[in-house]
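The values are calculated or read from the model by the stated rules, or taken from the named source; none is laboratory data. All figures in this text were calculated on a predicted structure; none of them were measured in a lab. Virtual Cβ from ideal backbone geometry, glycine too; neighbours counted across all protein chains shown.
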Amino acid sequence: MSTDVSPGTRAPVRVWQGSDRGGPEAGDSATPGGPDPEMAGTPVFDLQALNVYYGKFRAVRDVNLQVRAKQITAFIGPSGCGKTTVLRCLNRMNDLVASARIDGTILYHGHDLYQPSVDPVEVRRRIGMVFQKPNPFPKSIYDNVAYGPRIGSMKGNMDDIVEQALRKAALWDEVKTRLKSSAQELSGGQQQRLCIARTIATQPEVILMDEPCSALDPIATTRIEDLMQDLKSEYTIVIVTHNMQQAARVSDKTAFFTAEVNPESDTRTGTLVEFDDTQKIFTSPSDERTESYVTGRFG
């Protein structure tokens, strides 16, 4: 990521504090000693033996997978299998849950995302998130998009930053004459694209999407799916979805999770069953549990 990005730029912000630790800085074009993070197909995340706990309860067990640059990676599986929990680990959203903790490692461009020197706020700027239910702020369309750049002290013309984000979210032509109107007057699909524009405006590298179409009608869903395909030329995208057809349509890689039930406590621990190219997952999976799920025989 360059420090001279048009129309808005950010002053470099150190994420990994301390010269003994190393690590990328916002504004670096490449991680020191590592691949160019802009290059399609290079590893962005590397999850190694990831376990997630809420208190003493282990919610997710032994997840190993890699998310690669400028691809769409889908997490699928039945409810309660840990898909969203793993997703929220990728930008440290689980830090906001007092009882949550992780064991194992999550590398971001080869650097430990959870080492003590990492600034979680900067992590969430680089790794943006779009939630299941559209959540526009009770502000104007313009102020929703401008919110992140303003609090992040991004340099550049704010009008240009807002317009570029709305264009990338395929919303500009629909709202350009009413930017000062309330964002809550938009339709559900428009609100979700506004939330995507709000994420894009802070110039992230990664966009996480937690069931972004579950509350939308088929037409709005199609627009979001088309938008994801457009965005992956610039961003790495990870999506949680219960919609098998959506995962098959939009993703390059698919991770299938399931839940193991403890018969004594009736608790469920999520585990990764299989991770592979989406076409293989849906046509010739290696694990019979995956085949049963994608063919609708369970889940």
Taking first residues from the stretch 83-109 that are more than 12 Å from residue 52 (Cβ to Cβ) and in contact (Cβ under 8 Å) with a residue 40 or more places away in the chain and second residues anywhere that are in a helix (DSSP H, G or I) and among the basic types (Lys, Arg), the pairs with Cβ under 7 Å that are 6 or more apart or on different chains are 91/124
Could you identify the single residue in 166, 186, 194 that is touching a helix residue (DSSP H, G or I) at 6+ places or on another chain (Cβ under 8 Å), more than 18 Å from residue 228 (Cβ to Cβ) and either buried (at least 17 other Cβ atoms within 10 Å of the Cβ) or free of Cβ contacts under 8 Å to residues at least 60 places away in the same chain (or both)?
186
The stretch 148-167, subset at pLDDT 95 or above and within 19 Å of the chain's Cα centre (by Cα), residue farthest from residue 217 (Cα to Cα):
165
Does the stretch 214-240 hold any residues that are in contact with a strand residue (DSSP E or B) (Cβ under 9 Å, 6 or more places away or on another chain) and assigned to a loop (DSSP other than H, G, I, E, B), and which are they?
232, 235
If you scan the stretch 115-133, which residues turn out to be surrounded by 18 or more Cβ atoms within 10 Å (Cβ to Cβ) and over 15 Å from the mean Cα position of the chain (by Cα)?
118
Taking residue 141 as the residue in question, decide whether it is modelled with pLDDT of 95 or more and touching a Ser or Thr at 6+ places or on another chain (Cβ under 9 Å).
yes
Residues of the stretch 225-266 being touching a helix residue (DSSP H, G or I) at 6+ places or on another chain (Cβ under 7 Å), surrounded by fewer than 19 Cβ atoms within 10 Å (Cβ to Cβ), closer than 19 Å to residue 292 by Cα and in contact (Cβ under 8 Å) with a residue 60 or more places away in the chain, which ones?
244
Scanning the stretch 50-90 for residues that are among the polar types (S, T, N, Q) and out of contact with any helix residue (DSSP H, G or I) (no Cβ under 8 Å at 6 or more places or on another chain), which turns out surrounded by the most Cβ atoms within 10 Å (Cβ to Cβ)?
73
Could you list all residues from the stretch 267-299 that are under 21 Å from the mean Cα position of the chain (by Cα) and either surrounded by fewer than 12 Cβ atoms within 10 Å (Cβ to Cβ) or farther than 22 Å from residue 72 by Cβ (or both)?
271
Could you identify the single residue in 247, 255 that is farther than 23 Å from residue 165 by Cα, in contact with a strand residue (DSSP E or B) (Cβ under 8 Å, 6 or more places away or on another chain) and in a helix (DSSP H, G or I)?
247
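Residue by residue, here is whether (1) small (Gly, Ala, Ser); (2) under 21 Å from residue 206 (Cβ atoms); (3) touching a Leu at 6+ places or on another chain (Cβ under 6 Å) holds:
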| position | (1), (2), (3) |
| --- | --- |
| 130 | no, yes, no |
| 136 | no, no, yes |
| 156 | yes, no, no |
| 159 | no, no, no |
| 168 | no, yes, no |
| 189 | yes, no, yes |
The residue from 160, 217, 112 that alone is surrounded by fewer than 20 Cβ atoms within 10 Å (Cβ to Cβ) and within 30 Å of residue 60 (Cα to Cα) is 112
Of the residues in the stretch 46-89, how many are closer than 15 Å to residue 260 by Cα, in contact with a Ser or Thr (Cβ under 6 Å, 6 or more places away or on another chain) and either of a type in the set (Asp, Glu) or in a loop (DSSP other than H, G, I, E, B) (or both)?
2
